[in-house]
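The structure appears right after this line, and notes come after that.
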Amino acid sequence: LTIVAIDDDTAAQKGGYPLPRTELARLVEEIARFEPRVIALDMLLVDRGSDAGDAALARALKKRPSVIAVAAVFQEAIQSIDVKENSALARLPQAERFLLPLKPFTDHAASGVVNLNTDASGTPRSAPMLFRTSDKIELSFPLRVAGLAEGVEPVIQVDGLLLGKQHISTDIDHVLPLAFYGRRGTIRTVSAVSVLNGEVRPDSIRDRIVVIGATLTGGGDNFSTPFDRVT
């Protein structure tokens with residue numbers, strides 16, 4: 001796994017944040033050139049950019065297997081469960097709706113839900129593998145990425161899930177508890193601007209899962225963890 005971070009340097013040098021679609025498209029193109037297994041965009045592409053930028057990003061997403069973030073929107077923080085339901089999927093988090101990427105992007109990329117479960121202090125503790133609304137079920141972002149990386153469709157079982165021949169046990173309600181590996185930088189992280197400037201080593205990307213996400217100040221995806229006050 002390699003994280004390509006849209007950080008403060010990237011925003012300063014490449015037109016602010018969110019990145020202009022033309023710059024995001026160029027970032028995806030540069031990453032695709034080094035043949036990663038999957039490119040995972042941990043960002044919501046729900047609004048239109050410029051016509052040229054959106055078209056460029058759609059073309060870039062065709063280059064390698066790609067996944068784009070979906071957000072589940074809930075009416076209330078506490079979820080109720082219909083006790084009359086007794087199917088294996090009855091206890092899934094039930095969202096009011098999903099914020100989906102624009103169709104020109106989903107024509108060329110898969111998508112997955114990025115919501116996490118946090119404790120009272122805001123620390124992420126688990127990731128639901130499945131989400132539902134009243135009429136559909138969506139896979140989580142990490143599950144969709146893992147399936148593409150392995151080249152298999154995840155199979156949902158009563159007590160877990162199957163990726164190819166690998167059985168992965170989940171907690172109740174198909175939730176996967178999170179294990180923290182260490183401080184910031186424990187997972188290989190490179191700045192997006194270094195990729196755009198041609199300064200990244202190919203072996204940082206080749207045959208890896210590459211996650212593009214925002215780490216810049218005020219970007220919103222910052223949490224306290226047991227290893228770091230800000231991750």
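What percentage of all Cα-Cα pairs in segment 25-65 are separated by more than 13 Å?
In whole percent, the long-distance tail amounts to 52.
Rg/Rh for the chain: what does it come to with C-alpha atoms and Rh from Kirkwood?
Value, to two decimals: 0.96.
In percent, how large is the relative contact order of the chain, given Cα pairs closer than 8 Å and 6 or more residues apart? It would help to have the intermediate numbers written out before the result.
On the way: 445 pairs, mean separation 71.1, N = 231.
Relative contact order comes out at 31 percent.
Return the subset of LYS62/LYS103; LYS63/LYS103; LYS136/LYS165; LYS63/LYS136; LYS62/LYS165 for which the Cα-Cα distance in this structure is over 25 Å, preserving the input order. Before the final figure, lay out each step's value.
Details: LYS62/LYS103 13 Å; LYS63/LYS103 17 Å; LYS136/LYS165 27 Å; LYS63/LYS136 29 Å; LYS62/LYS165 28 Å.
Among LYS62/LYS103; LYS63/LYS103; LYS136/LYS165; LYS63/LYS136; LYS62/LYS165, the Cα-Cα distance tops 25 Å for LYS136/LYS165; LYS63/LYS136; LYS62/LYS165.
For ASP8, project a label point 7 Å along Cα to C-beta. Then give me every residue of segment 211-226 with its amide nitrogen under 11 Å of that point.
Label zone hits: 216-218.
List the residues, sorted by chain then number, that are 5 or more residues from GLY49 or on another chain and whose placed amide H is less than 5 Å from its amide H.
When sequence neighbours closer than 5 places are left aside, the close amide H contacts are ASP54.
Expressed in nm to one decimal, what extension gain is obtained for the pair ASP47 and LEU178 from 0.36 nm per residue of sequence separation less their Cα-Cα distance?
44.1 nm
For segment 180-207 and segment 1-79, what is the separation of their C-alpha centers, rounded to whole Å?
16 Å
Where a number appears in this text, it was derived from the coordinates with a stated rule and is not lab data. This structure is a prediction, so every number in the text was calculated from the model and none was measured. Ideal geometry is used to build each Cβ from the backbone, glycine not excepted, and the neighbour counts take in all protein chains shown.
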